[in-house]
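Reviewing the structure listed below.
The values are calculated or read from the model by the stated rules, or taken from the named source; none is laboratory data. Keep in mind the model is a prediction, meaning the values are calculated, not measured. Using ideal geometry, Cβ is built from the backbone for each residue, glycine included, and neighbour counts are taken over all protein chains shown.
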Amino acid sequence: MIPEDEIRTLAERLDSAQTSRTDTPSLANSHTIGTDDAYAVQAALLERRVARGERINGVKLGFTSKAKMAQMGVSDVIVGRLTDGMRIADGDDVDLARFIHPKAEPEVAYRIARDVDLDDPLTDIEACVDAVAPALEIIDSRYRDFRFTYTDVVADNTSAAGYAIGAWRPVRSVSNRAVRLRTPESETVGSTAAILGDPVHALHALLDMCRRRRIPLRAGEVVLAGAATAAAPLTPGVTECDVAGLGTVTVKGVLR
Ligand code: 0L1
Ligand code: MG
């Protein structure tokens with residue numbers, strides 16, 4: 001394990017990359033970081049955001065597509081945390097100057113209805129969610145050119161930078177739904193099947209990760225289940241995610 005003071009130094013480096021919108025080289029260039037170290041840096045990074053007044057209000061999964069897992073040479077999802085400072089209301093403007101090199105991902109979100117007991121082996125994670133919605137995640141790796149190792153991206157809170165959620169609907173199956181990501185420059189069509197085969201599988205993967213990493217899941221929190229297509233650059237203008245039968249959510253990139 002990396003010593004505690006070094007963990008805090010790495011968290012400070014990633015935090016100032018985010019707050020100053022200045023990218024940073026891979027931590028792996030200068031450090032040997034294990035997965036436990038990476039999650040410890042992530043936790044220290046979140047502590048800094050909380051100390052600035054942000055509130056943790058959700059979790060997100062990354063590497064939920066087979067293609068991304070294969071690219072990173074892993075067989076496991078990664079988990080990051082969302083804060084109220086990252087939240088963008090559906091249809092709202094988002095100032096692109098907040099980010100280094102933002103990209104949008106079309107996702108599915110779940111709402112947690114009751115605190116999840118991580119220690120009860122019988123916990124039924126599907127019974128702990130009460131609503132589902134289309135979502136846009138904004139990822140913004142703090143690493144130069146989005147070039148990172150597995151532990152780099154875990155430490156960097158899985159590139160989490162922003163998210164918008166469409167109208168919540170009572171929870172239902174969203175298996176095999178067409179998903180469209182439309183930006184001013186591009187249109188990409190995918191399927192919810194790209195999210196671990198079915199977004200509901202993401203809930204089970206999340207429970208497993210949260211048990212291993214002791215990440216609490218509380219009533220009212222949001223879960224971003226993973227991306228249904230590759231990410232597209234977030235640029236000035238309207239970016240929309242549409243999930244067939246579920247609805248749409250948009251954000252409008254602006255340069256202030
Ligand atoms: O949310 C995601 O699926 C992205 C995880 C981090 C990897 C990236 O920044 O591309
Ligand atoms: Mg994502």
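Here is a list: 6, 54. Which entry is away from ligand 1 (no atom under 16 Å from the Cβ), without any contact (Cβ under 8 Å) to a residue 40 or more places away in the chain, not in a helix (DSSP H, G or I) and not hydroxyl-bearing (Ser, Thr, Tyr)?
Numbers: 6 fails: not in a helix (DSSP H, G or I).
Exactly one residue qualifies, and that residue is 54.
Can you work out which of the residues in the stretch 65-85 that are in contact with a helix residue (DSSP H, G or I) (Cβ under 6 Å, 6 or more places away or on another chain) and within 13 Å of ligand 1 (Cβ to nearest atom) is nearest to residue 229 (Cα to Cα)?
Looking at the filtered set, the residue picked out is 65.
Can you run down the residue pairs with Cβ atoms below 6 Å, 6 or more apart or on separate chains, where the first is in the stretch 125-153 and touching a residue at least 24 places away in the same chain (Cβ under 8 Å) and of a type in the set (Lys, Arg) and the partner is surrounded by fewer than 24 Cβ atoms within 10 Å (Cβ to Cβ) and in a strand (DSSP E or B)?
Short answer, once both residue conditions are applied: 142/24.
Which pairs have Cβ atoms under 7 Å, sit 6 or more apart or on different chains, and link a residue in the stretch 224-252 that is basic (Lys, Arg) to one that is in a strand (DSSP E or B)?
252/93; 252/94; 252/237; 252/238
Considering every residue within the stretch 111-125, establish whether at least one is under 26 Å from residue 237 (Cα atoms) and assigned to a loop (DSSP other than H, G, I, E, B).
First pass over the stretch 111-125, keeping only residues under 26 Å from residue 237 (Cα atoms): none.
No, the stretch 111-125 has no match at all.
Considering the stretch 18-33 alone, what residues qualify as being farther than 22 Å from residue 98 by Cβ and either part of a helix (DSSP H, G or I) or not β-branched (Val, Ile, Thr) (or both)?
Initially, the stretch 18-33 is screened for residues farther than 22 Å from residue 98 by Cβ, giving 26-33.
Of everything in the stretch 18-33, those that are farther than 22 Å from residue 98 by Cβ and either part of a helix (DSSP H, G or I) or not β-branched (Val, Ile, Thr) (or both) turn out to be 26, 27, 28, 29, 30, 31.
Which condition does residue 200 not pass, out of (1) modelled with pLDDT under 95; (2) surrounded by 16 or more Cβ atoms within 10 Å (Cβ to Cβ), if it passes all the others?
Tallying (1) modelled with pLDDT under 95; (2) surrounded by 16 or more Cβ atoms within 10 Å (Cβ to Cβ), residue 200 fails exactly one: (1).
When you scan the stretch 134-173, how many residues do you find that are among the charged types (D, E, K, R), within 12 Å of ligand 2 (Cβ to nearest atom) and not in a strand (DSSP E or B)? Break it down into steps so the answer makes sense when it comes.
Narrowing the stretch 134-173 to residues among the charged types (D, E, K, R): 137, 140, 142, 144-145, 147, 152, 156, 169, 172.
When the remaining residues are screened for being within 12 Å of ligand 2 (Cβ to nearest atom), the result is 137, 140.
Then drop every residue that is not not in a strand (DSSP E or B), which leaves 140.
Qualifying residue count, the stretch 134-173: 1.
Go through 109, 131, 89 for me and flag whichever is of a type in the set (A, V, I, L, M), within 16 Å of ligand 2 (Cβ to nearest atom) and under 30 Å from residue 187 (Cβ atoms). Write out each step before concluding.
Numbers: 131 fails: within 16 Å of ligand 2 (Cβ to nearest atom); 89 fails: within 16 Å of ligand 2 (Cβ to nearest atom).
One residue alone meets the criteria, 109.
Tell me whether the stretch 125-136 contains one or more residues that are closer than 24 Å to residue 69 by Cα and small (Gly, Ala, Ser).
Looking for residues that are closer than 24 Å to residue 69 by Cα and small (Gly, Ala, Ser), one finds at least one in the stretch 125-136, hence yes.
Confirm whether residue 173 is surrounded by 15 or more Cβ atoms within 10 Å (Cβ to Cβ), polar (S, T, N, Q) and either without any contact (Cβ under 8 Å) to a residue 40 or more places away in the chain or at positive phi (or both).
Working: surrounded by 15 or more Cβ atoms within 10 Å (Cβ to Cβ): no; polar (S, T, N, Q): yes; either without any contact (Cβ under 8 Å) to a residue 40 or more places away in the chain or at positive phi (or both): yes.
Taking the combined requirement at face value, the residue does not satisfy it.
Which one of these does residue 147 not meet: (1) surrounded by fewer than 19 Cβ atoms within 10 Å (Cβ to Cβ); (2) modelled with pLDDT of 95 or more; (3) not small (Gly, Ala, Ser)?
Just one mismatch for residue 147, condition (2).
Of the residues 15, 36, which is outside any strand (DSSP E or B), over 11 Å from residue 157 (Cβ atoms), among the charged types (D, E, K, R) and more than 16 Å from ligand 2 (Cβ to nearest atom)?
Values: 15 fails: over 11 Å from residue 157 (Cβ atoms).
Being outside any strand (DSSP E or B), over 11 Å from residue 157 (Cβ atoms), among the charged types (D, E, K, R) and more than 16 Å from ligand 2 (Cβ to nearest atom) holds for just one of 15, 36, which is 36.
Run residue 23 past the list (1) more than 18 Å from the chain's Cα centre (by Cα); (2) within 13 Å of residue 156 (Cα to Cα); (3) more than 13 Å from ligand 1 (Cβ to nearest atom) and report the number of the one that doesn't hold.
(3)
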